[in-house]
Amino acid sequence: MRIAVVTPYADEPAEWLAQGHASVRAQGVEAVHVLVADGQPDPAVAGWADQHIVLKHRHGDGGNAARMAGGLSAASQRFDAVTFLDPADWFLPGHLAGLAAAAAGVDAATARRVLHRIDGTAAGPCPLVDGVRVVDSSGILLRPEAFPAIAVWCLAPAPVADNAVQSVLGFLQRRRRTVAVADGATVAKRIRSRAFNAPFGPTRWDDRLTEADPPDPAAVAAWWRAIDADRRTRELRRLGVT
Amino acid sequence: MSQDRRRVAIVTPYHGEPLAWIAKAHASVRGQTHPATHILVGDGKPEAAVDAWDAQHIVMPAGHADWGHTPRAIGALSAASQGFDAIGFLDADNWLYPDHVESLLAHQARHGLEAASSLRVMHHVDGRMLHRCQLVDGIETFDTNCLMLFPPAYSAIGVFALVPPRVRYIADRWVSIWLRQRGRKVGCTRKGTVAYRVRYRYFYETSDLPMPTEHIVDLKIPHPQELREWWLALSPEERAHHTKVMGAT
């Protein structure tokens with residue numbers, strides 16, 4: 001299975017991007033790493049990326065347009081599968097092999113995640129992401145019949161676009177694509193929120209802490225429940241669900 | 001100027017066309033009676049000059065060799081992500097007449113359309129006007145340059161990049177089919193507001209026009225029947241697979 005791994009980036013530290021790239025290389029699975037710059041291309045990244053796309057106009061949408069650009073380019077290049085890796089995250093050993101195995105005979109696969117502090121030390125398995133109802137943007141792999149979902153990165157309703165992967169999952173489910181969950185938790189998720197990291201003391205990455213907490217998947221469901229029927233119809237039509 | 005306040009993006013993929021042609025296309029976007037943002041996508045042969053234009057620029061590392069369909073989809077979905085209210089398309093060798101955007105917006109508003117198209121006017125490689133296109137009717141057969149999508153039809157954009165490679169050269173026909181199958185309301189202005197620069201060798205061979213000496217391509221525009229025959233020759237499983245990959249089912 002030829003897999004493309006798409007990483008959006010904007011202004012993350014080169015060290016984080018290199019760690020993510022090294023984790024792709026260490027998977028022992030044939031994978032092409034596509035880096036997509038959202039407004040701020042790094043020549044060093046262009047030097048080591050397998051493919052490097054540049055969105056010169058910064059979208060500032062948490063990497064959604066960049067994920068779409070890399071994903072759709074890979075789909076067009078006839079990769080057998082497209083997956084995503086956030087610029088602050090990395091894959092644990094066996095991640096791609098596990099996703100590929102789970103995706104055999106289905107349209108998409110998801111992986112669970114292990115939370116890490118901003119300095120990269122492990123904090124424990126994530127109790128929230130189960131790969132079934134809640135997914136992480138670094139933990140979803142799409143096979144060709146799920147490629148229409150790639151556009152959803154850019155079509156997710158604006159109020160919940162900060163967690164567009166939930167819309168990607170919703171699209172797959174409502175369009176009757178089959179989704180399997182890989183064994184184990186194989187996404188290393190670096191949490192940048194100040195509140196999450198505060199109990200563990202200062203690190204050299206404290207200038208990279210954010211005030212925002214990670215997106216709350218429950219907020220996506222709550223938003224959908226709160227909108228009226230006309231708005232829901234419009235959004236589903238825009239997403240291509242109906 | 002138009003009183004309509006909707007934000008419109010026009011997407012142009014390019015790959016090796018003369019810079020003067022790309023500049024003419026850009027000038028035609030900038031000259032619209034309804035303002036439009038131009039998004040240019042360099043598909044493997046980026047032009048540094050574009051960075052200085054009042055436009056957005058996306059640079060792909062290598063050409064996708066699919067008649068611009070993948071960069072077109074990427075530029076358009078970028079526009080969708082930015083919240084544009086309407087998205088049109090323009091090939092790098094063509095240009096728009098000044099009222100193209102305004103007339104499409106007005107037609108859409110009048111009829112409650114989810115996708116609107118214009119007609120096109122054929123121009124010689126050297127730029128001079130020839131005649132109204134006899135093939136494109138704006139409903140059954142439309143040209144990508146003539147098309148404008150509105151939010152309920154944005155999910156059709158990905159189709160450009162997901163059409164089976166064998167027939168991707170006519171991806172616009174697949175988009176047309178997708179729009180119909182997914183029940184989107186499509187209409188045509190019946191106005192020729194796209195200037196289509198004809199580069200096909202067969203076009204000149206079958207006319208009394210002198211054959212241009214450069215910028216000619218050998219691809220023949222296929223008859224819709226050819227597409228139908230290819231499709232019907234596939235097994236039911238293959239047809240189901242391609243239909244799912246394109247998102248029509």
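Selection over the range A:27-71 of residues that are of a type in the set (A, V, I, L, M) and either part of a helix (DSSP H, G or I) or surrounded by fewer than 14 Cβ atoms within 10 Å (Cβ to Cβ) (or both) gives a count of 7. Right, B:Ala116: part of a helix (DSSP H, G or I) and more than 30 Å from B:Thr213 (Cβ to Cβ) or not? Criteria not met by B:Ala116.
Tell me, please, whether a residue that is in a helix (DSSP H, G or I), of a type in the set (Ser, Thr, Tyr) and closer than 29 Å to A:Gly98 by Cα can be found in the range A:162-177. Among the residues of the range A:162-177, at least one is in a helix (DSSP H, G or I), of a type in the set (Ser, Thr, Tyr) and closer than 29 Å to A:Gly98 by Cα, which makes the answer yes. Search the range B:223-249 for residues being outside any helix (DSSP H, G or I) and away from chain A (no Cβ under 12 Å), and hand back the single one that is surrounded by the fewest Cβ atoms within 10 Å (Cβ to Cβ). This residue is B:Ser235.
Applying the condition of being of a type in the set (Lys, Arg) and closer than 12 Å to B:Val198 by Cβ to the range B:101-147 and asking which residue is surrounded by the fewest Cβ atoms within 10 Å (Cβ to Cβ) yields B:Arg128. A single entry from A:Ala108, A:Ala74, A:Ala46, A:Ala66 fulfils the requirement of being in contact with a Phe, Trp or Tyr (Cβ under 8 Å, 6 or more places away or on another chain), closer than 24 Å to B:Thr70 by Cα and within 13 Å of chain B (Cβ to nearest Cβ): A:Ala66.
Every residue, every condition in (1) among the aromatic types (Phe, Trp, Tyr); (2) in contact with an Asp or Glu (Cβ under 7 Å, 6 or more places away or on another chain); (3) facing chain A (nearest Cβ under 8 Å); (4) under 17 Å from B:Tyr14 (Cα atoms), yes or no:
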{"position": "B:Ala62", "(1), (2), (3), (4)": "no, no, yes, yes"}
{"position": "B:Asp66", "(1), (2), (3), (4)": "no, no, yes, yes"}
{"position": "B:Pro71", "(1), (2), (3), (4)": "no, yes, no, yes"}
{"position": "B:Gln82", "(1), (2), (3), (4)": "no, no, yes, no"}
{"position": "B:Leu90", "(1), (2), (3), (4)": "no, no, no, yes"}
{"position": "B:Asp93", "(1), (2), (3), (4)": "no, yes, no, yes"}
{"position": "B:Leu96", "(1), (2), (3), (4)": "no, no, no, yes"}
{"position": "B:Val101", "(1), (2), (3), (4)": "no, no, no, no"}
{"position": "B:Leu104", "(1), (2), (3), (4)": "no, no, no, no"}
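Here's the yes/no breakdown for (1) within 11 Å of another protein chain (Cβ to nearest Cβ); (2) part of a strand (DSSP E or B):
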position: A:Val129; (1), (2): no, no
position: A:Glu145; (1), (2): yes, no
position: A:Gly184; (1), (2): no, yes
position: A:Pro214; (1), (2): no, no
position: A:Arg234; (1), (2): yes, no
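Among all residues of the range A:85-101, there is at least one that is among the acidic types (Asp, Glu), in a loop (DSSP other than H, G, I, E, B) and within 16 Å of the chain's Cα centre (by Cα).
Here, each number is a calculation from the coordinates, and none is a lab measurement. Bear in mind that the values here come from a model prediction, so they are computed numbers and not experimental data. Positions of Cβ are backbone-derived with ideal geometry, glycine not excepted, and every protein chain shown enters the neighbour counts.
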